[in-house]
Structures are given as C-alpha cells and as structure tokens.
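**Q** What follows is a structure written as structure tokens; I'll ask about it next.
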Amino acid sequence: MILPCFDPATWGPSLDAAVHALSRGEVVVLPTDTVYGVGADAFQPQAVARVLAAKGRDRQMPPPVLIPSVRTVDGLAHDVSAPARALMDACWPGPLTVIVLAQPSLAWDLGETRGTVALRIPDHAAALALLARTGPLAVTSANRTGQPAATTADDAKEQLGDAVSVYLDAGDSPLGVASTIVDATGPVLKVVREGGVSWDRLVEIVGVKAFDEETSA
C-alpha cells in the first residue's frame, strides 16, 4: 500500500505502518534525499534477503545501511579513519555513503560484505523520522537491478510491486541522483561512485592527498 508521508503533522499513521511492517521482517519503500530506497531491518537476515530478492540482486551486492545519527557509527564500525570521520561530519545528513570496517560482533547478515558496511545518513525529514524509530535499516535504491532508480513512490511500486508491504510517498526525490560512495576501509580513501557530493567538495573537506592516486588522477 502507498501511504502519504509529506507532513510531519499527519504522517504518524504512515510511519506507524512502516515501523510495524519492518518489525515483522517485511520490506518497505521510503523516501530519501537522493532517490527512493527499498529496505528492511538490518538485523533481520531474512528481511535483508527479501530486499535483495525484490531488486533481483544476489548476496554479492550487499545493501548499504541507513542510520539515524553519527553517534550510531561506532556501534556498527571500527577503526574509522580521521578523513572518513571528517567526511561524515561535513556531509551528513546528505548524499554521501562511506564504506567502513564493520564491527565483527554484529549479529547481522547483509550478504558478502567481506567485513565492511556502507553507511549513510539521509537528508530527508521523513526518512530520519523513520530511522529514529527503527534504528539501522538495510536500504538500497528502490528499483529492479538494471532499471532506472525510482524518484517517486509510484515509480518504485511499478518496479517492485507486491514484494514491498508499505510504500511511503513523500513526492519527488529532492536530488534525483544516487549518493557518492567513498571506500574508507584502506589507508587512503577511494571514490567508488560519483553522485550527490562532488569530487571538488570531497577534496575541499579532506584534501586530495587523502585519496588514492587512481581516484585523484
């Protein structure tokens, strides 16, 4: 079902429905600042598997995890470098995903992560309101693999259909482009995908020497 999620004064019942669906291990589509996301409770492996199945994706492409605040990072990651923290502080909430080393003690299964996790805080009031109630959600773009990313709830429903229990509709995505992804698991940063945060902005924050030569060439 598609539920309205435009106004904080009236979106309570819609968020309630999404929270209840997520607690049952179901899949939800939510608005973000970049594009719509399809997600589930990051700590319910079967729910995460449903997200990957909805996208037509296998375990080799694990979903990122959306979090409600920077304070969540240290509970999910370890050995986060100073440049990575600087990017988080400057760009979150916002269209930047940072890949870090996952805490080995976490009881979750996002797929073949090789001990890493991709984290982001979305700059969208409805998404943040949902995350404040659910905690970390495994969320990837709300489209079938190989198809255009959904920028409306209707776009997402057309592609994902009954694989999703609740669609939260907040209108058009503000940015309409995916997040920039930076890999911060090594001794230097590496840009995996350019998106909502420009290369120039990244360099402005941490300097070009923080990145590997291949990225900065």
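**Q** Could you tell me which numbered condition residue 194 fails, if it satisfies all but one of (1) without any contact (Cβ under 8 Å) to a residue 12 or more places away in the chain; (2) surrounded by 13 or more Cβ atoms within 10 Å (Cβ to Cβ)?
**A** Exception for residue 194: condition (1).
**Q** Evaluate the following for residue 24: is it surrounded by fewer than 17 Cβ atoms within 10 Å (Cβ to Cβ) and under 27 Å from residue 8 (Cβ atoms)? Give the steps one after another, and end with the answer.
**A** Details: surrounded by fewer than 17 Cβ atoms within 10 Å (Cβ to Cβ): yes; under 27 Å from residue 8 (Cβ atoms): yes.
Yes.
**Q** Considering 16, 7, which residue is modelled with pLDDT of 95 or more, in a helix (DSSP H, G or I) and among the charged types (D, E, K, R)? Break it down stepwise before answering.
**A** Details: 7 fails: in a helix (DSSP H, G or I).
Criteria check complete, one pass: 16.
**Q** Follow-up. For the range 201-217, which positions are at pLDDT 70 or above and touching a helix residue (DSSP H, G or I) at 6+ places or on another chain (Cβ under 6 Å)?
**A** If the condition is that a residue be at pLDDT 70 or above and touching a helix residue (DSSP H, G or I) at 6+ places or on another chain (Cβ under 6 Å), then 205, 206, 208, 210 are the ones that fit.
**Q** Can you go through 175, 160, 131, 168 and tell me which one is outside any strand (DSSP E or B), touching a Ser or Thr at 6+ places or on another chain (Cβ under 8 Å) and in contact (Cβ under 8 Å) with a residue 24 or more places away in the chain? Reasoning before the result, please.
**A** Values: 160 fails: touching a Ser or Thr at 6+ places or on another chain (Cβ under 8 Å); 131 fails: touching a Ser or Thr at 6+ places or on another chain (Cβ under 8 Å); 168 fails: outside any strand (DSSP E or B).
Step by step, each of 175, 160, 131, 168 is checked, and only 175 is outside any strand (DSSP E or B), touching a Ser or Thr at 6+ places or on another chain (Cβ under 8 Å) and in contact (Cβ under 8 Å) with a residue 24 or more places away in the chain.
**Q** Taking into account only those residues within the range 98-118 that are in a loop (DSSP other than H, G, I, E, B) and among the polar types (S, T, N, Q), which is farthest from the chain's Cα centre (by Cα)? First the steps, then the outcome.
**A** Step one: filter the range 98-118 for residues in a loop (DSSP other than H, G, I, E, B), giving 103-115.
Now narrow it down to the ones that are among the polar types (S, T, N, Q): 103, 105, 113.
Working: 103: 18, 105: 21, 113: 15 Å.
Result: 105.
**Q** For the range 62-97, which positions are of a type outside the set (A, V, I, L, M, F, W, C) and part of a strand (DSSP E or B)?
**A** Taking the range 62-97 and keeping what is of a type outside the set (A, V, I, L, M, F, W, C), we get 62-64, 68-69, 71-72, 74-75, 78-79, 81, 83, 85, 89, 93-95, 97.
Matches in the range 62-97: 78, 97.
**Q** Return yes when residue 138 is of a type in the set (A, V, I, L, M), open to solvent by less than 60 Å² (accessible area, probe 1.4 Å) and farther than 20 Å from residue 94 by Cβ and no when it is not.
**A** Working: of a type in the set (A, V, I, L, M): yes; open to solvent by less than 60 Å² (accessible area, probe 1.4 Å): yes; farther than 20 Å from residue 94 by Cβ: no.
For residue 138, the condition - of a type in the set (A, V, I, L, M), open to solvent by less than 60 Å² (accessible area, probe 1.4 Å) and farther than 20 Å from residue 94 by Cβ - is not met.
**Q** Can you tell me how many residues in the range 147-157 are surrounded by fewer than 17 Cβ atoms within 10 Å (Cβ to Cβ) and touching a residue at least 24 places away in the same chain (Cβ under 8 Å)?
**A** Our first condition is that a residue be surrounded by fewer than 17 Cβ atoms within 10 Å (Cβ to Cβ); within the range 147-157, this holds for 147-148, 154.
Pick out the ones that are also touching a residue at least 24 places away in the same chain (Cβ under 8 Å) and you get 154.
Residues that pass the stated criteria total 1.
**Q** Just the residues that are assigned to a strand (DSSP E or B), open to solvent by less than 50 Å² (accessible area, probe 1.4 Å) and not polar (S, T, N, Q), please, taken from the range 179-191.
**A** Start the filter on the range 179-191 by keeping residues that are assigned to a strand (DSSP E or B), which leaves 180-183, 189-191.
Checking the rest, the ones that are also open to solvent by less than 50 Å² (accessible area, probe 1.4 Å) come to 180-183, 189, 191.
Answer for the range 179-191, where residues must be assigned to a strand (DSSP E or B), open to solvent by less than 50 Å² (accessible area, probe 1.4 Å) and not polar (S, T, N, Q): 181, 182, 183, 189, 191.
**Q** Same structure, new question: Do you know which of the residues in the range 52-73 that are open to solvent by 60 Å² or more (accessible area, probe 1.4 Å) and among the basic types (Lys, Arg) is nearest to residue 159 (Cα to Cα)?
**A** Taking the candidates together, the pick is 59.
The values are calculated or read from the model by the stated rules, or taken from the named source; none is laboratory data. Quick caveat, the model's predicted, so the values are computed rather than measured. Note: ideal-geometry Cβ built from the backbone for every residue, glycine included; neighbour counts use all protein chains shown. Surface areas here come from the heavy atoms of the whole protein model, side chains and all, with no ligands, DNA or RNA. Shrake-Rupley method; radii C 1.70, N 1.55, O 1.52, S 1.80 Å.
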